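Trainee: Encoded as structure tokens, here's the structure I'll be asking about.
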Amino acid sequence: MRLRNFCFFLCLLLPGTLSAQTRDSVPTPPVAIRAAVDTLKPLVYVLSAQPEKIWPGPDSMPGFQFRMYDPARRQTPDWATLGNLGMAARPLWFGPVARLGFDVGASPFALYRLKAEELRFYQNTRSFSEVFFSQGQNQDNLMFNAQLARTFSGGATFAFEYRTFNNLGQFRFQQAQHNSMSLGLRIPVGPRYEGYLVFCQNVFRQQDNGGIVTDTIFGQGQFSGPIDAEIRLPGESARTRNSDWTIQLTQHYNFTGQKEGKRALRATHTLAWSKSFWKFSDTEIDQDSLFFGSFLTTDPRGLRHQITQKRLDNSFIVSTFKQKAPGQPSDLLAFGLTHSWFDLYQEPHDSAFSNLFLTAQLGITPSERFGFTARGHLGMLNNFGEYQLNGALVLGLGNAGQFRATLLSQRRPASLLQYRAVVSYQDLWRNDMEKPLETSVSATYAIPQIGLSLSGQLHLVNNFVYFDQQSKPVQTTAPVQVSQLLVTENLRWRALHFDNTLGLQQFNRTDVLRLPSWFSKNSLYYAGDIFKKRMHLNAGLDFRLNGEFQPEAYQPLLWQFHLQDSLTQKPYPWLDVFIAFKVRTFCFFFRYENLTALWQPDQVFYQTAYHPQNFNTLRMGIRWRFMDSNTPEQKGKSDSNTSNGPPSGPIGPRGF
């Protein structure tokens, strides 16, 4: 409550900059070719770790990223959730996640989390603010996003972002209530130094109902609605809370290269102190005993699983680069050392340990037609034998299109919860896990002129770890291999658009990987200006369909998705109708979701076993962007950077 009140008053008091463009996914900046900044969309920003590189900000059109308010449905393909907006989620498209060193292994809310290193510092001559609000059929289903940025005289920049989810859901006891905030200050001192101070906090709260007991009652005359469906945790006392906060200070000092076109030599130091907390509790264990089975303990107070992690990250990097133009480094070479200290309390066990990695980075981008980057981490001392290698290549082929390739190879330890789990002071298991070895390669050929993209991906994992039908971790001895094909074709005839994405994936171990073998996402809509070009309108249909599969179940006690054998989801044609429009900087959308439920009221759609997706429902949303001048207009003077080094003041054209 304090966090929400603080953010509300902050938004009211600070001039001109609330935002809320929920990011498409966890932002991973392109590694090679920088997209050109459209002068009609002057928003540009930098990230604290790499201030020499400028990124274009989000557009203001009422397209897919605006009307598709749910972060889980913005992914390719959709992520599986527990049926309610903001609840625990996992990807349905296989792919290893880049991970370095120790990890707790509990990230059901990763899709909604803000990160300190991803806070965008907008570098414009105008203050930027944006608010987004969306509501379901009643005031118990809300989401709100806000973003604000202001550049002051002298180059100091303030950045603020806030998100909240408060969705009651259609079924009993499945409310998701989240609050996230990130704020930061960029302070340049002279032409050589700039510092970034960021505070970030996330609080995730979820009611856990275990899913429904049966779906055979839907569509029957005596059944009045989802709220009456019997749930698998009838005690209605099972709750999850996950929170974290981070204070991060990043400092850059340029020894040389303050002028454009000159080679720069820079030292970077980042210090981050964070605390994370995970807790599940259920006090009505007598009513919920059937759900937890072998995880029950003799503690009469119920079940509790609690972990607290304190972490201190300390990294030092020396880099050299050359800028061919402001915000466009043509090459980069960096070396450094990263140390992380952990203080872990897994009730009742307490431990402290460290991770140490050597780091290196190479980037070559001589032109917009070629880009190559590589980044490596090598474990030292207790992390000996661990490593991570990332690489990306971009080749521009002119009118023939563009070729892109990526590589991820890593050897990392198994997570804490795969190694050990403790519930109500009793050990559930202690495993001796081998370190997984993961390799992923991808190749993409795209022809932007015709909206075509073809991508092939191959994943190979040795010592793969999964959670079985009893919600316990198991490690494979045989390699797991996954091959994927992703095709995107966006067709257009005048103002009529037909956007299509088709994905295929094949597994050599269907006993441990149970994901859809194919999926299709399609949008058919009109997009054009009406009312003498005073309004831009998008109106049409969104459609999704995937192949038959056995969705994983969710164990809230461990915050893990796991295999199950009792439920199979057949292809379910999900159809939404929408209308969205933009007038100047104001956007509005209206959606009617899951039209299939109108003519098939007895059918449900599961992405997670026992947790149906919503029946047909309404959703509306608005977004309003503001841009105000930071300083009074000066006749005869134009905006320009006052520094020849990395941006230390306002950049980008005026106007909107």
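The values are calculated or read from the model by the stated rules, or taken from the named source; none is laboratory data. As the structure is a prediction and not an experimental result, all values here were calculated from the model. Glycine gets a Cβ as well: all are built from the backbone with ideal geometry, and neighbour counts include every protein chain shown. These accessible areas exclude ligands, DNA and RNA; they are computed on the full protein's heavy atoms, side chains included. Shrake-Rupley method; radii C 1.70, N 1.55, O 1.52, S 1.80 Å.
Trainee: In percent, how large is the relative contact order of the chain, given Cα pairs closer than 8 Å and 6 or more residues apart?
Mentor: On the way: 1803 pairs, mean separation 95.7, N = 656.
Relative CO of the chain lands at 15 percent.
Trainee: Something else now. For Ala238, list long-range residues whose amide hydrogen, built 1.01 Å from N in the peptide plane, is under 5 Å from its own amide hydrogen.
Mentor: Result for Ala238 returns Asp208.
Trainee: I would also like to ask the following. Based on the alpha-carbon set only, what is the convex hull volume of the range 223-372 divided per residue, in Å³?
Mentor: Numbers: hull volume 33.2 nm³, N = 150.
So the per-residue Cα hull volume is 221 Å³.
Trainee: Once Rh is set to the Kirkwood radius over Cα pairs, what Stokes-Einstein translational diffusion coefficient, in µm²/s, holds for the chain at a temperature of 20 °C and a viscosity of 1.002 mPa s?
Mentor: D = 81 µm²/s.
Trainee: Of the accessible area of the range 58-199, with the probe set at 1.4 angstrom, what percent is carbon plus sulfur?
Mentor: Answer for the range 58-199: carbon and sulfur cover 56 percent of the accessible area.
Trainee: If you stretched the chain out fully between Gln475 and Ser354, how much longer would it get, using 0.36 nm times the residue separation minus the C-alpha to C-alpha distance?
Mentor: Values: separation 121, 0.36 × 121 = 43.56 nm, distance 2.50 nm.
Answer, rounded to one decimal: 41.1 nm.
Trainee: Follow-up. For the range 294-438, what does the relative contact order come out to in percent, with C-alpha contacts under 8 Å and a separation of six or more?
Mentor: Working: 309 pairs, mean separation 25.4, N = 145.
Relative contact order for the range 294-438 comes out at 18 percent.
Trainee: Restricting to DSSP H runs of at least four residues, report the calculated mean residue ellipticity at 222 nm for the chain, -39500 (n - 2.57) per run over all residues, nearest 500 deg cm²/dmol. Working shown, then result.
Mentor: Details: 5 runs with 32 residues, N = 656.
-1000 deg cm²/dmol, from helical runs alone.
Trainee: Next question, about the same structure. Assigning unit charges at the beta carbon (Lys, Arg +1; Asp, Glu -1) and nothing else, what dipole magnitude in debye, to the nearest 20, does the chain show about its Cα centre?
Mentor: Numbers: 64 positive and 51 negative charges, 544 e Å.
In debye, rounded to 20, the chain gives about 2620.
Trainee: For the range 331-463, what is the accessible area per residue in Å², given a 1.4 Å probe and the full set of protein chains?
Mentor: Working: 6340 Å² over 133 residues.
It amounts to 48 Å² per residue over the range 331-463.
Trainee: Which whole-Hz ³J(HN,Hα) couplings does the range 476-488 yield from phi under the Karplus relation 6.51 cos²θ - 1.76 cosθ + 1.60, θ = phi - 60°, glycine and proline marked x?
Mentor: Once θ is set to phi - 60°, the couplings for the range 476-488 become 7, 9, 9, x, 9, 10, 9, 10, 9, 9, 10, 10, 10 Hz.
Trainee: Next question. Counting other C-beta atoms within 10 Å, and keeping those with at most 16, which DSSP coil trypsin sites (Lys or Arg not before Pro) do you find in the range 378-430? Mind dumping the intermediate values first?
Mentor: On the way: sites: Arg404, Arg411, Arg420, Arg430; in loops: none.
For trypsin sites (Lys or Arg not before Pro) across the range 378-430 that sit outside H, G, I, E and B with at most 16 neighbouring Cβ atoms in 10 Å, the list is empty.
Trainee: Kindly sort Glu236, Glu52 by accessible area of their heavy atoms, largest first, with the probe set to 1.4 Å.
Mentor: Working: Glu236 70, Glu52 0 Å².
Of Glu236, Glu52, the descending order of accessible area is Glu236, Glu52.
Trainee: Taking Lys275 as the anchor, which aspartates and glutamates have their alpha carbon closer than 16 Å to its alpha carbon, excluding any fewer than eight residues away along the same chain?
Mentor: Asp103, Glu117, Asp244, Asp313, Asp343, Glu347, Asp350
Trainee: Got a sec to turn the phi values of the range 80-91 into Karplus ³J(HN,Hα) couplings, 6.51 cos²θ - 1.76 cosθ + 1.60 with θ = phi - 60°, whole Hz, x for Gly and Pro?
Mentor: 7, 10, 8, x, 10, 4, x, 7, 3, 9, 8, x
Trainee: A further question on this structure: ³J(HN,Hα) across the range 322-337 via Karplus (A = 6.51, B = -1.76, C = 1.60, θ = phi - 60°), whole Hz, x for Gly/Pro?
Mentor: So the J values, rounded to whole Hz, are 9, 9, 7, 7, x, x, 9, x, 8, 7, 7, 9, 9, 9, x, 9.
Trainee: Sticking with this structure for a sec: About its Cα centre, how strong a charge dipole does the range 507-599 have in debye, to the nearest 20, once Lys and Arg get +1 and Asp and Glu get -1 at the Cβ?
Mentor: Numbers: 11 positive and 8 negative charges, 144 e Å.
With Lys and Arg at +1 and Asp and Glu at -1, about 700 debye.
Trainee: Please compare each pair in Lys53/Lys259; Lys279/Lys435; Lys521/Lys570; Lys532/Lys582; Lys115/Lys279; Lys435/Lys472 to a cut-off of 25 Å on the Cα-Cα distance and tell me which ones are over it. Don't jump to the answer; show the numbers that get you there.
Mentor: On the way: Lys53/Lys259 15 Å; Lys279/Lys435 27 Å; Lys521/Lys570 16 Å; Lys532/Lys582 13 Å; Lys115/Lys279 20 Å; Lys435/Lys472 17 Å.
From Lys53/Lys259; Lys279/Lys435; Lys521/Lys570; Lys532/Lys582; Lys115/Lys279; Lys435/Lys472, over 25 Å: Lys279/Lys435.
Trainee: Moving on to the next point. Identify all aspartates and glutamates with a Cα-Cα distance to Lys324 below 15 Å; exclude those on the same chain that are fewer than 8 residues away in sequence.
Mentor: Glu52, Glu260, Glu368
Trainee: If you don't mind, there's one more thing I want to ask. Considering only C-alpha atoms, what is the centroid distance from the range 278-302 to the range 422-493, in Å?
Mentor: The range 278-302 and the range 422-493 have Cα centres spaced 32 Å from each other.
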